[in-house]
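The values are calculated or read from the model by the stated rules, or taken from the named source; none is laboratory data. What you are looking at is a predicted structure, and each value in this text was computed from that prediction instead of being measured. Heads up, the Cβs are rebuilt from the backbone with ideal geometry, glycines too, and the neighbour counts pull from every protein chain shown. For the accessible areas, the whole protein counts, side chains as well, though only heavy atoms, and no ligand, DNA or RNA atoms are used. Shrake-Rupley method; radii C 1.70, N 1.55, O 1.52, S 1.80 Å.
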Amino acid sequence: MPKGYTQESERQLFLIGEMAGRHLREIGQLLEATHGGVIPVVQPTRSTKSEDLVPEPYLFQWGASADGRLGLLDPGDVGLLLRFLFHGITLTTRTGKPIRIAAHVLRHVLATHARTVQNVPAEAVAYLLHHRITLSGSTQALTVPQATAYYSRLPTAQLLALLFEAQSTLTPSLKRTYLQAPSPRTLEQMDEALRQIFEQWSLLGPTVLGFCSAGLCVRPNNRALCLGCRFLVPHYSNLTHALTWRKLYALHTEQHEAHGHTVDAKQAQQMIQYLDDIITMMQIQIRARQDGGYLPFADTVLPHTNHREKEDDRDAQSL
């Protein structure tokens, strides 16, 4: 009967392995052979739940009396039997402190092994440990008790190992999301037409919020600020533009909600989220650049000489 439960209807069933089943059948046969073909009915007088349990033909009993008052094994007896089985085996903690074998220790070992080694779901472990599992308004949503969540906490070393394994699995399948910037020598060797194409389509080609790293734009006729595009490389110099567009999308959201356009409002809110992420990245770039520990990739690319000369000519003419 699970901890905290008091009614017979609240008994909990368990799966029994093949070997355990053989042992239980053997115990039953030995009890029947000793007591005239029947398993004696005994009272759980020494159990912590004796007031909630009724006399039954328990399998785990020893020397049952005719009146049923004696015979049921209690947790203390189970502890003595376990220490007998583990006699001669010394178990210690990492610090060398001896571990006293008890049923509760093996309970912890089973739960930890099930969660961390066999990856048994926490809901199943909670059921196994008699932890309360309650439905939270849905037939599919289970609330895992805090006591069960304890067994889901992994050591830092194991967490890092699992993350490294996942990263190693994902990395080969990822495509490169940026182009290598050409060296200054390569830029000097480009003719004007090739350079214009490269600037238009490669990382050197500016966008409203930064630069494009796709090589060839995946949506040249509907760039929409490149929001949500994984090839967008935000640049801190466009922070003012990002803040302005955020205000505009916030206004769009209010207008869509006022007119009952739920879908359009939701899409505008998604654009705001994209912009918030980009703004945060730009602010990090600014702080890191001020600290001298970061130089954005685009800042490492020198402008072409002819391009600078044309800008100087336009500035001179304007003066």
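Tabulated values for the structure
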{"quantity": "Selected residue (criterion: nearest to the chain's Cα centre (by Cα)) from residues of the stretch 94-108 that are under 13 Å from Leu82 (Cα atoms) and outside any loop (DSSP other than H, G, I, E, B)", "calculated": "Arg107"}
{"quantity": "The lone exception for Gly79 - which of (1) open to solvent by less than 40 Å² (accessible area, probe 1.4 Å); (2) part of a loop (DSSP other than H, G, I, E, B) it fails", "calculated": "(2)"}
{"quantity": "Every residue from the stretch 109-144 that is under 19 Å from the mean Cα position of the chain (by Cα) and modelled with pLDDT under 75", "calculated": "Ala141, Leu142, Thr143, Val144"}
{"quantity": "Residue selected from the stretch 58-110 under the condition out of contact with any strand residue (DSSP E or B) (no Cβ under 9 Å at 6 or more places or on another chain) and of a type in the set (S, T, N, Q), by the criterion nearest to Leu24 (Cα to Cα)", "calculated": "Thr93"}
{"quantity": "Those residues of the stretch 6-54 which are without any contact (Cβ under 8 Å) to a residue 40 or more places away in the chain, open to solvent by less than 70 Å² (accessible area, probe 1.4 Å) and more than 23 Å from Leu82 (Cβ to Cβ), in sequence order", "calculated": "Glu10, His35, Gly37, Ile39, Pro40, Gln43"}
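This table checks each residue for (1) assigned to a helix (DSSP H, G or I); (2) at pLDDT below 70; (3) not acidic (Asp, Glu).
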position: Ala181; (1), (2), (3): no, yes, yes
position: Glu188; (1), (2), (3): yes, no, no
position: Ile197; (1), (2), (3): yes, yes, yes
position: Leu204; (1), (2), (3): no, yes, yes
position: Gly215; (1), (2), (3): no, yes, yes
position: Asn222; (1), (2), (3): no, yes, yes
position: Arg230; (1), (2), (3): no, no, yes
position: His241; (1), (2), (3): yes, no, yes
position: Val263; (1), (2), (3): yes, no, yes
